[in-house]
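Worksheet: the structure to be examined is printed underneath.
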Amino acid sequence: MRLILLGSGAFGLPTFKALAQQHDHEIVAVISQPDRPAGRKRVMTPTPVSQWALENNWTLHRRENVNESDFIEQTIKPLQADAAVVIAFGQKLGEPIVAAMGQWVGNLHASLLPRYRGAAPINRAMMAGDPDTGVCVIEIAPRMDAGDIFASASTAIAPRETAGELHDRLADLGPQVIQQVLRDVANNTLTRTVQDESLVTVARKMSKLDSPIDFNQPATAVRHHIHGVTPWPGAKTIWQTADGKPQPLTVLRVIDHPEQAHDTEPGTLLENHRIACAPGGGTIELLEIQAPGSKPMPIDAFTRGRPMQPGDRFVDMEK
């Protein structure tokens, strides 16, 4: 099949690489977002998908708006594509460009729809404490992530897994479901499932407002939050010692101990790097943290240079 690939973020790379290796597919174009400033020096940087296309000499189009009629008429239609695969592209596709890209245009979405339509399905699934999640291949629709489902694959969320790690595992599920759907398209055996609108939830975009850790929540909810915002925007707190200067910290990984009883104020450090959570809600145990300007460190390595003592406090960034 003659394929157009549309993507920007790294989530689509495992699928795009797998499709490029198949002899029964021809990649006729890769479309991505324009280069953006990145890093402290604000150097213009291609998207991960653009970088992959450049390294492999694929025909690459970096467009601010792919829905412009000139681009559709002069670039997309002459490709005579059979199908298009859209993954983490970052632009809404209008009906004219969808119609111009072949008999099938589908999107790989990082949730088990209709749960978590929107910008941050991986983070929100973890923050909500869902036991599992997955990916869906869906039809492009006028409403966000509302298209019919062609295929899906699920996976359990591990207790010590962060959103960044889950992102990579879900990305690796992409090739199998996309390849199956493309086979069904080629064989004219494609089936679809309409999403149940009564089960829809929305995964709003992440922001720095999601960072602060609230130790007034039960330990399991605190773990879900910390892992769900890692690596970005990061789980932030202030470490306060009895006689030291408050130290901002990012908590990267924890274990929850919901069964551990305590009679101390939430946010208080106990023995064995455990922090008291809501009354009756147990404790969380620090495994990995990061100080500003430093690399992530296991808690034992961090405290060799900066000891933590029972009674130290961990408070909201704004307190």
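The values are calculated or read from the model by the stated rules, or taken from the named source; none is laboratory data. Keep in mind that this is a model prediction, so the values were computed, not measured. Every residue, glycine among them, receives a Cβ derived from its backbone with ideal geometry; neighbour counts consider all protein chains shown.
A few notes on this one:
- Of the residues making up the range 241-252, at least one is closer than 21 Å to Glu161 by Cβ, surrounded by 14 or more Cβ atoms within 10 Å (Cβ to Cβ), of a type in the set (Ser, Thr, Tyr) and touching a Gly at 6+ places or on another chain (Cβ under 9 Å).
- Those residues of the range 288-319 which are buried (at least 16 other Cβ atoms within 10 Å of the Cβ), within 29 Å of the chain's Cα centre (by Cα) and assigned to a strand (DSSP E or B), in sequence order: Glu288, Ile289, Gln290, Met297, Phe314, Val315
- When the range 197-238 is filtered for residues that are closer than 13 Å to Phe314 by Cα and surrounded by fewer than 21 Cβ atoms within 10 Å (Cβ to Cβ), the ones remaining, listed by number, are Pro212, Asp214, Asn216, Lys236, Ile238.
- Qualifying positions in the range 257-284 - under 15 Å from Ala221 (Cβ atoms) and part of a strand (DSSP E or B): His257, Ile275, Ala276, Thr283, Ile284
- Flag if Glu165 is in the same structural domain as Thr191 (by TED's automatic domain parsing), closer than 17 Å to Thr230 by Cβ, without any contact (Cβ under 8 Å) to a residue 60 or more places away in the chain and out of contact with any His (no Cβ under 6 Å at 6 or more places or on another chain): yes
- Pairs, first of a type in the set (Gly, Ala, Ser) in the range 57-75, second part of a helix (DSSP H, G or I), C-beta under 8 Å, six or more apart: Ser69/Pro96
- Sole exception among (1) without any contact (Cβ under 8 Å) to a residue 60 or more places away in the chain; (2) assigned to a helix (DSSP H, G or I) for Val251, by number: (2)
- Qualifying residue in the range 171-194 (condition: on the phi > 0 side of the Ramachandran plot and part of a loop (DSSP other than H, G, I, E, B)): yes
- Scanning the range 1-25 for residues that are touching a strand residue (DSSP E or B) at 6+ places or on another chain (Cβ under 8 Å) and basic (Lys, Arg) yields a single hit, Arg2.
Okay, residues lined up against (1) in the same structural domain as Ser154 (by TED's automatic domain parsing); (2) crowded, with 18+ Cβ neighbours inside 10 Å; (3) modelled with pLDDT of 95 or more; (4) under 19 Å from the mean Cα position of the chain (by Cα):
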position: Arg40; (1), (2), (3), (4): yes, no, no, no
position: Asn56; (1), (2), (3), (4): yes, no, yes, no
position: Arg63; (1), (2), (3), (4): yes, no, yes, no
position: Glu68; (1), (2), (3), (4): yes, no, yes, no
position: Glu73; (1), (2), (3), (4): yes, no, yes, no
position: Ala88; (1), (2), (3), (4): yes, yes, yes, yes
position: Leu108; (1), (2), (3), (4): yes, yes, yes, yes
position: Leu113; (1), (2), (3), (4): yes, yes, yes, yes
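- Put simply, of Gly305, Gly311, Gly293 the only residue that is assigned by TED's automatic domain parsing to the domain that holds Ala242 and closer than 24 Å to Ala261 by Cβ is Gly311.
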